[in-house]
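A.B. asks: First the structure, which I've put down as structure tokens, then a few questions once you've had a look.
What follows is calculated from the coordinates using simple rules that are stated; it is not laboratory data. Small disclaimer: the values here were computed from a predicted structure and weren't measured. Every residue, glycine among them, receives a Cβ derived from its backbone with ideal geometry; neighbour counts consider all protein chains shown.
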Amino acid sequence: YYFRRVRLPSDSDLVEPLRKCGYQVEDAHGQPGTLVVSIPVDAGEGIRTSKEVSMWEQLSLAALLQENWADNQVSCTVTFDPETEGPQLEHALNYYQYRLKGISFLPRVSAGAYKQMPYEGISEEEYRK
């Protein structure tokens, strides 16, 4: 279970229908004129979460897509464990430097790396609210 957050202009025609459907809509931190909608998602049983996919596997998948699917840059944010994978970042960037056009990294920390992250793990109880 997780929240998928999307950003919309505060004057978007989608805002009122989303509120009427009961989705949480709030002002975006540090972005006047922008709202953030939190959409609860049930990924289903047997689906691995980002915590269960290593930094190296994420990089490998991004490189595969870059080579076989996209002419332009594949958009990918790799999440990593700062304690166990953080020391490997330099090596990973060197290894994939000619296979990726660009990549972003986001540390997995319990409080979240920043407010209103695009994906946030939640409990089944939070999902059912």
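A.B. asks: Determine the calculated [θ] at 222 nm for the chain from helices alone, applying -39500 (n - 2.57) to every DSSP H run no shorter than 4 residues and normalising by the residue count; nearest 500 deg cm²/dmol. Each step should come with its number before you reach the end.
C.D. replies: Values: 4 runs with 33 residues, N = 129.
After summing the helix terms and dividing by residue count, I get -7000 deg cm²/dmol.
A.B. asks: How high is the FRET efficiency between K101 and S50 when r is their beta carbon distance and R₀ equals 22 Å, given to the nearest 0.05?
C.D. replies: E between K101 and S50, to the nearest 0.05, is 0.50.
A.B. asks: In degrees between 0 and 90, to the nearest 10, how far off the longest principal axis of the chain does helix 55-68 point, with axes built from Cα atoms?
C.D. replies: On a 0 to 90 degree scale, this one is about 90.
A.B. asks: Taking the Cα centre of the chain as origin and charging only Cβ (+1 Lys, Arg; -1 Asp, Glu), how large is the dipole, in debye to the nearest 20? Could you put the intermediate results ahead of the total?
C.D. replies: On the way: 13 positive and 19 negative charges, 39 e Å.
It works out to roughly 180 debye.
A.B. asks: Quick check for me: using +1 on Lys/Arg Cβ and -1 on Asp/Glu Cβ, what's the dipole size of segment 42-109 about its Cα centre, in debye to the nearest 20? Each step should come with its number before you reach the end.
C.D. replies: Numbers: 5 positive and 10 negative charges, 38 e Å.
Once rounded to the nearest 20, the dipole reads 180 debye.
A.B. asks: Right, another one. Given labels modelled 7 Å from the Cα in the Cβ direction, how far is it in nm from S123 to D71?
C.D. replies: Computed distance between label sites S123 and D71 equals 5.0 nm.
A.B. asks: Now for a separate question. Considering only P118, P40, P17, give the residue with the highest GNM mean-square fluctuation for the chain, with springs between Cα atoms whenever their separation is below 10 Å.
C.D. replies: Result for the chain, Cα springs under 10 Å: P17 fluctuates most.
A.B. asks: Shifting gears a bit: If I model a spin label as a point 7 Å beyond the Cα along the Cα-Cβ vector, how far apart are those points for E26 and D42 in nm?
C.D. replies: 2.4 nm
A.B. asks: Now for a different question. List the chymotrypsin sites (Phe, Trp or Tyr not before Pro) within segment 71-129 that DSSP assigns to loop and that have no more than 11 neighbouring Cβ atoms inside 10 Å.
C.D. replies: On the way: sites: F80, Y95, Y96, Y98, F105, Y114, Y119, Y127; in loops: Y98, Y114.
Loop-located and lightly packed - Y98, Y114.
A.B. asks: Okay, moving on. For the charge dipole of the chain, defined by +1 on Lys and Arg C-beta atoms and -1 on Asp and Glu C-beta atoms about the Cα centroid, which residue among V37, S10, G102 has the Cα displaced farthest towards the positive pole?
C.D. replies: Projecting each Cα onto the dipole axis, the largest value belongs to S10.
A.B. asks: What do you get for trypsin sites (Lys or Arg not before Pro) in segment 1-95 restricted to DSSP loop and a cutoff of at most 12 other Cβ within 10 Å of the site's Cβ? Before the final figure, lay out the partial values.
C.D. replies: Working: sites: R4, R5, R7, R19, K20, R48, K51; in loops: R48.
Those that pass, being in a loop and sparsely packed, are R48.
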